[in-house]
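The values are calculated or read from the model by the stated rules, or taken from the named source; none is laboratory data. Being a predicted model, the structure only gives us computed values, none of them experimental. Methodologically, a virtual Cβ is constructed for each residue, glycine included, from the backbone with ideal geometry; neighbour enumeration extends over all protein chains shown.
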Amino acid sequence: MKSYCLLLLTINYFLLTIPCFPQDAEQIYKKVNDAVVTVYAYDSYNKILSQGSGVVLNDKGWVVTNYHVYNGCDKMIVRHNGKVVEYSNIIGVDADKDILILKIADHTFPSIAIGNSDLLNVGQKIYAIGSPMGFENTITDGIVSGLRILL
């Protein structure tokens, strides 16, 4: 059975799947961890308003995260393994689908390939890497419990 990495930015709206073919969680984590970042949003007083996970999409420094992380903030930074990078501009926004693509100035982060969610099947094993509640880049596993089409 194929296993998949599922980088979950929001349960309802957006996922990236990376075919990982029979690999264990440790191998998958080593393969994609450096492309998963934490995004912090600050107000004008430099107080953290929100925090979320992001994924580096390409060698141009594009990072996809959730729009709600950004909404209402004055500045954002991207962090990974103690390295902090301010974003240089916003590439795209879809508030309805809760997606934000921003560009970071540092292009040294590796990118991750976007998979094909049509290849997912209910019951398949998946992995999620993210930064819940400030615990940077943790991994968990589960199964695809259902599929739905987003319009």
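Only one of (1) modelled with pLDDT of 55 or more; (2) surrounded by 15 or more Cβ atoms within 10 Å (Cβ to Cβ); (3) farther than 16 Å from THR140 by Cα; (4) hydrophobic (A, V, I, L, M, F, W, C) is not met by PHE14, so which one is it?
(1)
Do you know which residues across the stretch 76-117 are aliphatic (A, V, I, L, M) and more than 21 Å from GLY134 (Cβ to Cβ)?
Let us first name the residues in the stretch 76-117 that are aliphatic (A, V, I, L, M), namely 76-78, 84-85, 90-91, 93, 95, 99-102, 104-105, 112-114.
The answer is ILE90, ILE91, VAL93, ALA95, ILE99, ILE101, ALA105, ILE112, ALA113, ILE114.
Which numbered condition in (1) loosely packed, with under 15 Cβ neighbours inside 10 Å; (2) modelled with pLDDT of 95 or more is the only one that ASN121 fails?
Failing condition for ASN121: (2).
Under 6 Å between Cβ atoms, at least 6 apart or on separate chains: pull out the pairs that start in the stretch 69-92 with a residue that is closer than 14 Å to ASN46 by Cα and at pLDDT 90 or above and end on any residue that is of a type outside the set (Phe, Trp, Tyr) and assigned to a loop (DSSP other than H, G, I, E, B).
Every condition considered, the pairs that remain are ASP74/ASP43; ASP74/SER44.
Which condition from (1) crowded, with 17+ Cβ neighbours inside 10 Å; (2) more than 13 Å from the chain's Cα centre (by Cα); (3) under 30 Å from ASP43 (Cβ atoms) is the one that ASP96 breaks?
(1)
Which one of these is under 16 Å from ALA25 (Cα atoms), surrounded by fewer than 16 Cβ atoms within 10 Å (Cβ to Cβ) and either out of contact with any helix residue (DSSP H, G or I) (no Cβ under 7 Å at 6 or more places or on another chain) or among the acidic types (Asp, Glu) (or both): ILE126, ILE90, ILE114, ILE143?
Result of the check over ILE126, ILE90, ILE114, ILE143: ILE143.
Within the stretch 129-140, take every residue that is assigned to a strand (DSSP E or B) and in contact with a helix residue (DSSP H, G or I) (Cβ under 7 Å, 6 or more places away or on another chain) and give me the one that is nearest to THR65 (Cα to Cα).
ILE129
Does ASN71 satisfy being surrounded by fewer than 16 Cβ atoms within 10 Å (Cβ to Cβ) and polar (S, T, N, Q)?
yes
Across the stretch 95-124, what is the number of residues that are in contact (Cβ under 8 Å) with a residue 12 or more places away in the chain, closer than 28 Å to ASP141 by Cα and outside any loop (DSSP other than H, G, I, E, B)?
Qualifying residue count, the stretch 95-124: 6.
Scanning the stretch 141-151 for residues that are part of a loop (DSSP other than H, G, I, E, B) and of a type outside the set (Gly, Ala, Ser), which turns out modelled with the lowest pLDDT?
Initial filter on the stretch 141-151 (part of a loop (DSSP other than H, G, I, E, B)): 144-151.
From what's left, of a type outside the set (Gly, Ala, Ser): 144, 147-151.
Values: VAL144: 93, LEU147: 89, ARG148: 81, ILE149: 74, LEU150: 67, LEU151: 63.
So the residue we want is LEU151.
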